[in-house]
1. Tell me which of Leu301, Tyr286, Ile258 sits at the most positive position along the dipole axis of segment 258-308, charges placed on C-beta atoms (Lys, Arg +1; Asp, Glu -1).
2. Using amide H atoms built 1.01 Å from N in the peptide plane, name the residues 5+ places from Val156, or on other chains, whose amide H lies under 5 Å from its own.
3. Order the peptides 204-217, 301-314 from the highest to the lowest mean number of other Cβ atoms within 10 Å of their residues.
4. Please list 3J(HN,Hα) in residue order for segment 219-228, calculated via the Karplus relation 6.51 cos²θ - 1.76 cosθ + 1.60 where θ = phi - 60°; whole Hz, with x for glycine and proline.
5. Short version: ³J(HN,Hα) in whole Hz for each residue of segment 154-163, in order, from phi by Karplus 6.51 cos²θ - 1.76 cosθ + 1.60 (θ = phi - 60°), x for Gly and Pro, what are they?
6. How far is the Cα center of segment 69-138 from the Cα center of segment 170-212, in Å?
7. Could you grab the Rg to Rh ratio for segment 303-342? Cα atoms only, Kirkwood for Rh.
8. If amide H atoms are built 1.01 Å from N in the plane of the peptide, which residues on other chains or at least 5 residues away come under 5 Å of the amide H of Leu188?
Amino acid sequence: MRKITRRSFLAAAAVCGAAAALTACGGSSASSTAASSVASSAASGSAAASGDTYTIGICQLVQHAALDAATQGFEDALTAEFGDNVKFDFQNAQGDSATCATIANGFVSSGVDLIMANATPALQAAQSATNEIPVLGTSVTEYGVALGLTDFSGTVGGNISGTSDLAPLDQQADMIVEWMPDAKKVGLLYCSAEANSQYQVDEVQKYLEAKGVTATQYAFSDSNDLSSVCQKAADENDALYVPTDNTVAANTGIVDGICRPAKKPVFAGEEGICAGCGVATLSISYYDLGYTTGEMAVKILKGESNVSDMPIEYTDVTKKYNKTICDDLGLTVPEGYEAIEG
């Protein structure tokens with residue numbers, strides 16, 4: 001098999017080990033044949049037996065703590081199994097979906113053995129680029145939404161599988177009410193360009209309204225209008241909720257700079273956002289999520305599993321809170337929450 005020198009992690013490598021939490025996202029229909037997946041798995045298994053080197057293409061949407069941690073976990077799982085026999089071609093799309101497509105097409109042209117797509121736009125780009133090379137997504141919230149599947153039941157099929165960072169959304173709504181039992185209005189802040197963020201706020205809105213809380217969506221198109229939309233949400237609500245949204249994750253300082261002085265608590269869909277601007281979250285470990293994805297990749301490359309048969313995998317959630325912001329806002333922490341470290 002081919003040997004391709006892995007690209008440097010650059011600045012991303014320095015922070016990949018951070019045990020953060022974050023992000024989510026959404027795309028189009030996965031279409032490939034099980035036969036092509038079987039062929040890819042069989043070829044990979046043969047390579048493992050002969051000790052040949054695997055090349056894994058990693059497309060990461062943007063650099064922030066959660067996605068970095070997922071990439072690190074993925075690499076660690078594969079390195080633990082294959083050592084120097086696995087090489088990684090890591091590329092960061094700098095938050096641009098079109099760049100994700102360019103990266104994915106490049107992986108196909110160079111003939112990588114497997115593609116890891118970190119965040120929804122990366123997964124969508126990989127799905128469009130190939131129906132033969134195995135593709136594993138991570139930091140993707142809901143695969144049915146991400147891939148436009150109308151009959152998704154837990155297994156994508158074709159050449160795509162992966163892991164989900166979805167925390168139970170009914171429990172996210174319960175968390176807000178637990179912390180803010182007197183809150184009447186909650187603003188749901190999210191990027192309209194991220195399909196899985198839309199999915200999350202739709203669900204959380206439904207659960208909050210069932211509890212008698214008025215929930216209003218505040219969509220921004222990109223980081224340029226995040227500040228103005230966040231200001232409006234803070235002015236009009238008792239608290240805010242932010243899903244596992246990549247744009248907010250990369251710009252938590254903007255949200256914190258508006259909401260903390262206004263004494264408006266922000267509840268987050270993951271730990272990375274919570275650490276930057278939130279008071280509490282139900283969150284996963286993105287490192288663990290990436291490691292699980294890596295273990296799936298090992299099975300595919302060794303020919304032990306067929307990607308078309310592998311269901312989407314999930315990880316456990318933990319209740320966490322941001323001590324600094326809670327103290328600043330004078331909030332009492334309910335039982336069962338762990339302080340975010342660092």
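Read-outs: derived from the displayed coordinates by stated rules, not from any lab. Every value quoted in this text rests on a predicted model; they were computed, and no experiment measured them. FYI the Cβ positions are ideal-geometry reconstructions off the backbone, even for glycines, and counts take in every protein chain you see.
1. Ile258
2. Ile312
3. The densest-packed peptide leads the list: 301-314, 204-217.
4. 9, 10, 7, 6, 5, 5, 10, 4, 4, 5
5. x, 10, 6, x, x, 10, 10, 8, x, 10
6. 32 Å
7. Value, to two decimals: 1.37.
8. Thr216, Gln217, Tyr218, Tyr241
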